[in-house]
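K.L.:
This is the structure, below, for whatever I ask next.
The values are calculated or read from the model by the stated rules, or taken from the named source; none is laboratory data. Quick caveat: nothing in here was measured; it's all calculated off a predicted structure. In this analysis, Cβ positions are derived from the backbone assuming ideal geometry, glycine residues included, and neighbour counts consider all displayed protein chains.
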Amino acid sequence: MRGRATTATDTTVTRGTRGTEMTTGRPHRGRRAMFAALAAALTLVPASWAHGETLTWAQVKARAAARSPTAVEAKQGARAARAEAAGAGRWPRTNPVLTGGVNLGAPFGHPEDRAFSVGIEQELDVFGVAGTAARASQQKVAVAELEGAVLKLDGLAEAAEAYIELERAQRVLAVWTELDRGFERIAAGTAAASRAGERSDLDAILASAESAGATTELAGARAELARAQARLGVLIAAADPSSLRVAEEPVRPPDARGRDVLVAAALRRRPEVGLWRARLGEAEARRAFAARAALPEPTLGLGVEMEREGTDAAPASPDGASGARHERTQLQITLSVPLPFFDRNQAERARALADASSAGEQGAIAARQISAAVTRAKAAVDASWTALARWQAIAPRLDEAQAMVEKGYAAGQVDLFDTLASAERVARARVQILEARAAYLKARAALSRALGEEP
């Protein structure tokens, strides 16, 4: 508000003064006010909206490795596999069975016949099924850990891209914020000059239109900033994503190694290569377990049977006894063996064999995919570095262009609207420099992911 009042006051002059300005070449006070506003618009200054904690990439990386959705998913998968492996390989694999029975004799036998039996049965592991199950479970743990390593790299690559996007959005917003402020002050000054009769109403309308265009660009930059903050906030579990700010990371030159060297390094480091090997081993372990589990496992039983028999009374018994009872107790040992005629785990063995074949094929495909990913990422890094180097060479000239615009406008050699157009071109050039910088940093992050390295 203070800038607007000053501009309105300084632009109230007489027609005689305007003639003196053009004759002497000294800038008028109203032109000096708009000149100062234009200089502020063309100068890249951090925006006043900045607040909250400023995070470095090291801090974001540490938080993403612990809190991102992919990191949590990786931990859950490994934890579930270890829990399953903790119970595998334990013997006995099945619970013992308690057996018992009572034979009352009636109605087909003697009414006083009685038989009682009690015992326990246990399935025996004579073919090493428990040990085979333990090896299969350990292979599952290895697969889960490698899957977690892949998810971790994916999560860090996504966090790096979100970090770069937020850094770019912050700096783009600073460019459009300062340009919008300058254009707003210039539009206010032009409107005041129009009311004083120094400029036409058309100039005031067009200046307001230029200011509205800068405000539109500013609104778009704010929306991009909010999207970038929300994306990074999810990845690092930020309590208030709207307060997130990130520090500017230095730009390092690209990796000087050739394509073949990079591909060889990627094939050594990428966890996907080991993952398919582990999946192949896990499928073969499951197939071995299914084959062992199809073998008949005997069941051994141990019990005691007590039997009591009653007899009819003897009619010729001299002492008149009605009969006698016979009791006996005997130890029982049983052994049962199932006959594998029908169920031989055919489906599980066939599934494991198919999984092993698929893992072997996918391992060969993964090697080709890694080679292609490295080639593509290396080309993107080289191309984006060339573009960024070109923009970096132009960046100092933008300062010269800014000085030329200021000097020409102050001397009355450049029209107001040509000055505004030049100021907008300078701002857009600065934004394009930021876009080229972000593209190069993203390409470097993609190459790190292709090499199996943390960005």
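K.L.:
State which residue pairs qualify: first residue more than 24 Å from T94 (Cα to Cα) and inside the range 278-295, second residue crowded, with 23+ Cβ neighbours inside 10 Å in any location, beta carbons under 7 Å apart, and separation of 6 or more residues or different chains.
P.N.:
Once the first residue is more than 24 Å from T94 (Cα to Cα) and sits in the range 278-295, its partners that are crowded, with 23+ Cβ neighbours inside 10 Å give A278/V143; R279/V143.
K.L.:
Does R368 satisfy the condition of being within 25 Å of the chain's Cα centre (by Cα), among the basic types (K, R) and modelled with pLDDT under 95?
P.N.:
Answer is yes for this residue.
K.L.:
A follow-up question, please. Restricting to the range 57-89, name every residue that is small (G, A, S) and farther than 21 Å from A238 by Cα.
P.N.:
G77, A78, A80, A81, A83, A85, A86, G87, A88, G89
K.L.:
State whether one or more residues within the range 180-188 are of a type in the set (A, V, I, L, M) and surrounded by fewer than 21 Cβ atoms within 10 Å (Cβ to Cβ).
P.N.:
Within the range 180-188, not a single residue is of a type in the set (A, V, I, L, M) and surrounded by fewer than 21 Cβ atoms within 10 Å (Cβ to Cβ).
K.L.:
Right, here's the next one. What residue, among those in the range 64-75 that are part of a helix (DSSP H, G or I) and in contact with a Leu (Cβ under 8 Å, 6 or more places away or on another chain), is surrounded by the fewest Cβ atoms within 10 Å (Cβ to Cβ)?
P.N.:
Only one residue fits best here, namely P69.
K.L.:
On to the next question. Please go through (1) closer than 30 Å to A66 by Cβ; (2) at pLDDT 90 or above for E249 and return the number of the only condition it doesn't satisfy.
P.N.:
(2)
K.L.:
Restricting attention to the range 350-361, does a residue exist that is more than 30 Å from A294 (Cβ to Cβ), surrounded by 15 or more Cβ atoms within 10 Å (Cβ to Cβ) and touching a residue at least 24 places away in the same chain (Cβ under 8 Å)?
P.N.:
Within the range 350-361, none of the residues are more than 30 Å from A294 (Cβ to Cβ), surrounded by 15 or more Cβ atoms within 10 Å (Cβ to Cβ) and touching a residue at least 24 places away in the same chain (Cβ under 8 Å).
K.L.:
Among R181, R135, R168, which is within 22 Å of A438 (Cβ to Cβ), touching a helix residue (DSSP H, G or I) at 6+ places or on another chain (Cβ under 9 Å) and either assigned to a helix (DSSP H, G or I) or touching a residue at least 60 places away in the same chain (Cβ under 8 Å) (or both)?
P.N.:
Within the list R181, R135, R168, the selection yields R168.
K.L.:
Here is a list of conditions, (1) among the aliphatic types (A, V, I, L, M); (2) more than 30 Å from L302 (Cβ to Cβ); (3) modelled with pLDDT of 85 or more, and L335 meets all of them except one; can you say which number that is?
P.N.:
If we test L335 against (1) among the aliphatic types (A, V, I, L, M); (2) more than 30 Å from L302 (Cβ to Cβ); (3) modelled with pLDDT of 85 or more, just (2) comes out false.
K.L.:
Within the bounds of the range 367-376, is there any residue that is in contact with a Phe, Trp or Tyr (Cβ under 8 Å, 6 or more places away or on another chain) and either in a helix (DSSP H, G or I) or not polar (S, T, N, Q) (or both)?
P.N.:
No, the range 367-376 contains no residue that is in contact with a Phe, Trp or Tyr (Cβ under 8 Å, 6 or more places away or on another chain) and either in a helix (DSSP H, G or I) or not polar (S, T, N, Q) (or both).
K.L.:
What are the pairs, 6+ residues apart or on separate chains, where a residue within the range 440-454 that is within 19 Å of K152 (Cβ to Cβ) has its Cβ under 6 Å from a residue that is at pLDDT below 95 and outside any helix (DSSP H, G or I)?
P.N.:
A445/P455; S448/P455; G452/R270
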